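One structure is given below, encoded as structure tokens.
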Amino acid sequence: MAIRLGDTAPDFTAETTQGTITFHDWLGDSWGVLFSHPKDFTPVCTTELGAVAHLADEFARRNVKVIGLSVDPVASHVTWEADIAETQGAEVNFPMIGDPDRVVADLYDMIHPNADNTLTVRSVFVIGPDKSVKLTLTYPASTGRNFDEILRVIDSLQLTAAHKVATPANWTDGDDVIIGSAVSDEEAATLFPQGWTTVKPYLRVLPQPGR
Ligand code: BEZ
């Protein structure tokens, strides 16, 4: 069954390029990004893994651990990593799960038979420190993902975990935020004594808290 927002991220033990990992133990108190790619030694995937490697400091700054997966074995990932370093200018600095038996892929519903019943799709799961799933994304094999967008969502998730706010379309860290409709004006007055702008009764805007 598909994994939905709020579900507990399924736990597993798997072989990776950094040894055997039991997922929940490995995550510890961190946020997590689990992402799959269709196949090693393929062009779009090569650019994606390079892009994630370049963002290592950005993930670390947000207390996020990243782990990749495909249905290729670990030995294949290890050989491919040299190509990624050579062509993308960054060493792959996060573990990659080898899942030739599709154990994790099946657990996370990463094989979509109408797309290709042998390959994982480009899935992304963002997992909170409570191990619940905060975001799911599925991209087709032909479209490389925008990992800056994953960081942007994590910024929003971490902000809304700390403050009772929501973030508007195209928000980036530092932009104004929104008071969610579940928060009454009375509660908002307690939460945001600095005040807010009422554009409409249901659209209340304020500077990003905590900055
Ligand atoms: C790619 O990474 O370019 C790719 C992988 C699998 C299927 C199609 C494209």
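The values are calculated or read from the model by the stated rules, or taken from the named source; none is laboratory data. Everything quoted here is computed from the prediction, not taken from an experiment. Backbone-built Cβ (ideal geometry, glycine too); neighbour counts: all protein chains shown. The protein model used for the area step is the full one, side chains on, heavy atoms only, and it has no ligands, DNA or RNA in it. Shrake-Rupley method; radii C 1.70, N 1.55, O 1.52, S 1.80 Å.
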Å² per residue, accessible surface of the chain at 1.4 Å = 49 Å²
For the chain, the longest principal axis of the Cα atoms and the Cα long axis of helix 43-54 enclose an angle in degrees, to the nearest 10, of 60 degrees
Among 153, 95, 73 the positive-end extreme of the charge dipole of the chain (Cβ point charges) | 153
Just add up the charged neighbours of residue 191: K/R +1, D/E -1, any other residue whose Cβ is under 13 Å from the Cβ of residue 191.
-> -1
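Placing unit charges on C-beta atoms (Lys and Arg positive, Asp and Glu negative, everything else neutral), compute the dipole magnitude of the chain about its Cα centre in debye, rounded to 20.
With Lys and Arg at +1 and Asp and Glu at -1, about 640 debye.
Which percent of the accessible area of the chain is formed by carbon and sulfur heavy atoms (probe 1.4 angstrom)? Numbers along the way, then the final one.
Numbers: 5360 of 10410 Å².
Heavy-atom surface of the chain belonging to carbon and sulfur, 1.4 Å probe: 51 percent.
Hey, what number do you get for the chain at 222 nm if only DSSP H runs of n ≥ 4 count, each worth -39500 (n - 2.57), divided across all residues, to the nearest 500?
Values: 7 runs with 66 residues, N = 211.
It comes out at -9000 deg cm²/dmol, rounded to the nearest 500.
All other residues with a Cβ under 14 Å from the Cβ of residue 127 taken together, and with Lys, Arg as +1 and Asp, Glu as -1, what is their net charge? Can you show the working numbers first?
Values: positive: 4, 62, 65, 131, 134; negative: 7, 11, 25, 29, 130.
Computed value for this residue: 0.
Among DSSP beta bridges lying fully in the chain, give the percent that are antiparallel, nearest 5. Don't jump to the answer; show the numbers that get you there.
Values: 24 of 33 bridges.
If we restrict to bridges inside the chain, about 75 percent are antiparallel.
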State the Cα centre-to-centre distance between segment 180-196 and segment 110-156 in whole Å.
-> 33 Å
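Could you please put 145, 61, 152 in sequence from largest to smallest accessible area, using a 1.4 Å probe?
Values: 145 20, 61 165, 152 60 Å².
From most accessible down to least: 61, 152, 145.
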Give me D for the chain in µm² s⁻¹, whole number, from Stokes-Einstein with Rh from the Kirkwood sum over alpha-carbon pairs, 20 °C and 1.002 mPa s.
-> 116 µm²/s
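Among the lysines in the chain, how many pairs, 8 or more places apart or on different chains, have alpha carbons under 26 Å apart?
Counting lysine pairs in the chain gives 8.
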Can you check what the net charge comes to around residue 116, using other residues whose Cβ is under 13 Å from the Cβ of residue 116 (Lys, Arg +1; Asp, Glu -1)?
-> +3
